[in-house]
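Okay, handing you the structure first.
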Amino acid sequence: MSERIHDLFDGWLARSPDRIFLHLRGGDGEPRTMTYAEVGALVATLEAELRADGVQPGDRVFVVAENCPEHLALVVACSRVGAWSCGVNARMAPGEIAGFAAKADARIAYFTTGVSKAATAHAARFDACPSAAHGLSRSTPRADAVAETGPLRDSVAAIIFTSGTSGTPKGVLLTHEGVTLFGRVSAASRNLGEDDRSYAYLPMTHIFGLGTVLMASLYAGATLLMRVAFDPADALDDLANHGITQFQGPPALFSRLRAHMEQIGVKHPPAPKLRYIYTGAGPLDMALKQRVEAAFGKPLHHGYGLSEYAGSVHLTRLNVWREDTSSGYVVEGAELVIADPSTGEALPAGGRGEIWIRGKGLMPGYFRDPAATAAVMREGGWYASGDIGELAPDGALFVVGRLKEMIIRSGFNVYPGEVESVLNAFPSIERSAVVGRAVEDGNEEVLAFVQLRHGTALDDAALAAHLRENLAPYKRPSAVRVVKEMPMTGSGKILKRELLAIR
């Protein structure tokens, strides 16, 4: 049997029980820590509770969570039992939580009520009662939940739920082999070690937080500075005073941090221990990249990953400054080709097509959804991602956008990412989102939504000139609308469907 999630934790617990694993903020805001032994005691309490409640291998344990030691301990405890942890962000709406819960068919549900008002509200709707672990509530175990008994029972570690562009919940099956391999790959890509302290704000309900942050740290023995949510003022304090060496997040995190820095007049935040910064889980535009690199004096590393592959498939090389927004090079255990989406034919370097992936980290499918699985799998074991990209002659990947987000305007293909990159380079624009809206005869118009940098106003004439200089006529937005703040997911992605409802 391959290495499992709890094997990584239990190894450090046996070797270094008194080593600090987590750096936290207490309820009074004061720093506190937890050793491997202290987290191990929490894991043991939850493992015993799961077994007493009848949880068995192949059962799902539904966890409505924001980041905290208790959620981390549940992930490890589920691994020990052989159950599949199914984490969802507590900040989702009641209807969304209900949909994911129904899809999971879980034996039991947990709620991180000690750190989250949102989780507390959801717990009340599930009639949850206190867990033996302080800070958690749990539902009554369900006798009618059906445990998986097939070949996947012992290989699957967790389910990451995604609604994608369809809005229908899908459960991505993550294997122990996939997430532990990526833990090693991610740690090696940045020389992560026992002396490192990673910023752990990214939700462990998302593959970025579960794989890149938690699993890599468990593999390397790095400590985690864990935060329930991202706050730019707190992040600057953590960088300055709490020894962060690894700072990672989606582009939206860096955009929010930059906006806060402008607001308080800080150009170069003090970060005496910082040696690595990285962004993923979304497209990176050159303007943001340049601003972040100028602020920190370090290259902003980038990668391409997705839930269906248990982490990143391509990563940029350590400490290499790039003058583009490439997602870097293929990682160990993964394969990637650019394919013509209509024929499946692999395209040569420079050809633009759909990104297809296969390898050790690829999901075995969507949970109890053979139709959704068949819709994305191709002959030869390839997963069709729905993302559009191209490979440079040296193998560097450039992600252009989403196939379903591509806009057809007057017979021409418009990729929102290209238009967003030009908009984001305009001095007063902090971030943007471009969407297509159907008009007449199967045609679409290009709509742009922009969030402005602090203290600026939009000069319409100057922006129009900027767009004329940098975009072909068919790519230019028919309207540019200013929004106070972009609607975002918990993992930092812009909810473009909600933008279309703005009038």
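Yes/no matrix, rows are residues, columns are (1) among the aliphatic types (A, V, I, L, M); (2) part of a loop (DSSP other than H, G, I, E, B); (3) surrounded by fewer than 13 Cβ atoms within 10 Å (Cβ to Cβ):
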{"position": "466", "(1), (2), (3)": "no, no, no"}
{"position": "469", "(1), (2), (3)": "no, no, yes"}
{"position": "474", "(1), (2), (3)": "no, no, no"}
{"position": "477", "(1), (2), (3)": "no, yes, no"}
{"position": "485", "(1), (2), (3)": "no, yes, yes"}
{"position": "497", "(1), (2), (3)": "no, no, yes"}
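Now for a separate question. Name the residues in the stretch 154-168 that are modelled with pLDDT of 80 or more and over 17 Å from residue 361 (Cα atoms), would you?
First pass over the stretch 154-168, keeping only residues modelled with pLDDT of 80 or more: 154-162.
The answer is 162, and nothing else.
Turning to a different aspect of this structure: Report every pair of residues separated by at least 6 positions or lying on different chains whose Cβ atoms are under 6 Å apart, first residue within the stretch 306-330 and in a loop (DSSP other than H, G, I, E, B), second of a type in the set (Val, Ile, Thr) and at pLDDT 95 or above.
Once the first residue is in a loop (DSSP other than H, G, I, E, B) and sits in the stretch 306-330, its partners that are of a type in the set (Val, Ile, Thr) and at pLDDT 95 or above give 310/179.
On to the next question. List pairs: first in the stretch 411-434 and among the polar types (S, T, N, Q), second modelled with pLDDT under 85, Cβ under 7 Å, 6+ apart or cross-chain?
413/406; 421/285; 424/285
Hey, can you tell me all the residues within the stretch 367-399 that are hydroxyl-bearing (Ser, Thr, Tyr) and in contact with a Gly (Cβ under 6 Å, 6 or more places away or on another chain)?
Applying the first criterion (hydroxyl-bearing (Ser, Thr, Tyr)) to the stretch 367-399 yields 373, 383, 385.
Matches in the stretch 367-399: 373 only.
One line per residue, one yes/no per condition, for (1) part of a helix (DSSP H, G or I); (2) more than 30 Å from residue 4 (Cα to Cα); (3) under 20 Å from the mean Cα position of the chain (by Cα); (4) at pLDDT below 90:
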residue	(1), (2), (3), (4)
358	no, no, yes, no
371	yes, no, no, no
413	no, yes, no, yes
421	yes, yes, no, yes
436	no, yes, no, yes
442	no, yes, no, yes
448	no, yes, no, no
458	no, yes, no, no
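In the stretch 1-50, how many residues are touching a strand residue (DSSP E or B) at 6+ places or on another chain (Cβ under 9 Å) and at positive phi?
0
If the Cβ limit is 8 Å and pairs must be 6+ apart or interchain, which residue in the stretch 128-139 that is in the same structural domain as residue 109 (by TED's automatic domain parsing) pairs with which residue that is exposed (fewer than 12 other Cβ atoms within 10 Å of the Cβ) and assigned to a loop (DSSP other than H, G, I, E, B)?
From the stretch 128-139, the pairs are 139/127.
Let me ask something additional. Counting just the residues of the stretch 5-31 that are modelled with pLDDT of 95 or more and basic (Lys, Arg), which one comes out nearest to the chain's Cα centre (by Cα)?
19
Given the conditions (1) aliphatic (A, V, I, L, M); (2) without any contact (Cβ under 8 Å) to a residue 40 or more places away in the chain; (3) farther than 19 Å from residue 297 by Cα; (4) out of contact with any helix residue (DSSP H, G or I) (no Cβ under 8 Å at 6 or more places or on another chain), report the number of the one that residue 220 does not fulfil.
Of the numbered conditions (1) aliphatic (A, V, I, L, M); (2) without any contact (Cβ under 8 Å) to a residue 40 or more places away in the chain; (3) farther than 19 Å from residue 297 by Cα; (4) out of contact with any helix residue (DSSP H, G or I) (no Cβ under 8 Å at 6 or more places or on another chain), the odd one out for residue 220 is (4).
Among the residues of the stretch 23-53, which ones are in contact with a Phe, Trp or Tyr (Cβ under 9 Å, 6 or more places away or on another chain), surrounded by 14 or more Cβ atoms within 10 Å (Cβ to Cβ) and part of a strand (DSSP E or B)?
34, 35
Has the stretch 97-109 got any residue that is closer than 22 Å to residue 201 by Cα, buried (at least 19 other Cβ atoms within 10 Å of the Cβ), among the aliphatic types (A, V, I, L, M) and in contact with a His (Cβ under 7 Å, 6 or more places away or on another chain)? Can you show your working first?
We begin by selecting, within the stretch 97-109, every residue closer than 22 Å to residue 201 by Cα; these are 97.
Checking the rest, the ones that are also buried (at least 19 other Cβ atoms within 10 Å of the Cβ) come to 97.
Narrowing further to those that are among the aliphatic types (A, V, I, L, M): 97.
Among the residues that remain, those that are also in contact with a His (Cβ under 7 Å, 6 or more places away or on another chain) are: 97.
Yes: one or more hits.
Just to be sure I understand, how many residues within the stretch 248-274 are touching a residue at least 40 places away in the same chain (Cβ under 8 Å) and in a loop (DSSP other than H, G, I, E, B)?
2
Another one. Among the listed residues 204, 215, which satisfies the condition of being modelled with pLDDT under 95, buried (at least 24 other Cβ atoms within 10 Å of the Cβ) and under 24 Å from residue 304 (Cα atoms)?
Working: 215 fails: modelled with pLDDT under 95.
Going through 204, 215 in turn, the sole match is 204.
Just checking, how many residues over the stretch 196-211 are more than 9 Å from the chain's Cα centre (by Cα) and polar (S, T, N, Q)?
Qualifying residue count for the region: 1.
A follow-up question, please. Scan the stretch 54-96 residue by residue and report those that are more than 23 Å from the chain's Cα centre (by Cα) and either buried (at least 24 other Cβ atoms within 10 Å of the Cβ) or under 18 Å from residue 128 (Cα atoms) (or both).
The initial filter retains those residues of the stretch 54-96 that are more than 23 Å from the chain's Cα centre (by Cα), namely 54-59, 80-82.
54, 55, 59 - these are the residues of the stretch 54-96 that are more than 23 Å from the chain's Cα centre (by Cα) and either buried (at least 24 other Cβ atoms within 10 Å of the Cβ) or under 18 Å from residue 128 (Cα atoms) (or both).
Quick check: is even one residue across the stretch 240-257 in contact with an Asp or Glu (Cβ under 8 Å, 6 or more places away or on another chain), over 20 Å from residue 33 (Cα atoms) and crowded, with 19+ Cβ neighbours inside 10 Å?
Of the stretch 240-257, the ones in contact with an Asp or Glu (Cβ under 8 Å, 6 or more places away or on another chain) are 244-246, 251, 255.
Now drop any that are not over 20 Å from residue 33 (Cα atoms), which leaves 251, 255.
Applying the additional criterion that residues be crowded, with 19+ Cβ neighbours inside 10 Å yields 251, 255.
Within the stretch 240-257 (the criterion being in contact with an Asp or Glu (Cβ under 8 Å, 6 or more places away or on another chain), over 20 Å from residue 33 (Cα atoms) and crowded, with 19+ Cβ neighbours inside 10 Å), the answer is yes, since at least one residue qualifies.
State which residue is nearest to residue 155 (Cα to Cα) when the search covers only the stretch 72-114 and only residues that are among the β-branched types (Val, Ile, Thr) and modelled with pLDDT of 95 or more.
So, considering only residues that are among the β-branched types (Val, Ile, Thr) and modelled with pLDDT of 95 or more, the one nearest to residue 155 (Cα to Cα) is 81.
Kindly establish whether residue 188 is within 24 Å of the chain's Cα centre (by Cα), in a strand (DSSP E or B), over 28 Å from residue 241 (Cβ atoms) and not assigned by TED's automatic domain parsing to the domain that holds residue 385.
Details: within 24 Å of the chain's Cα centre (by Cα): yes; in a strand (DSSP E or B): no; over 28 Å from residue 241 (Cβ atoms): yes; not assigned by TED's automatic domain parsing to the domain that holds residue 385: yes.
Criteria not met by residue 188.
The values are calculated or read from the model by the stated rules, or taken from the named source; none is laboratory data. As the structure is a prediction and not an experimental result, all values here were calculated from the model. Cβ coordinates were reconstructed from backbone atoms using ideal geometry, including for glycine residues, and neighbour counts include every protein chain displayed.
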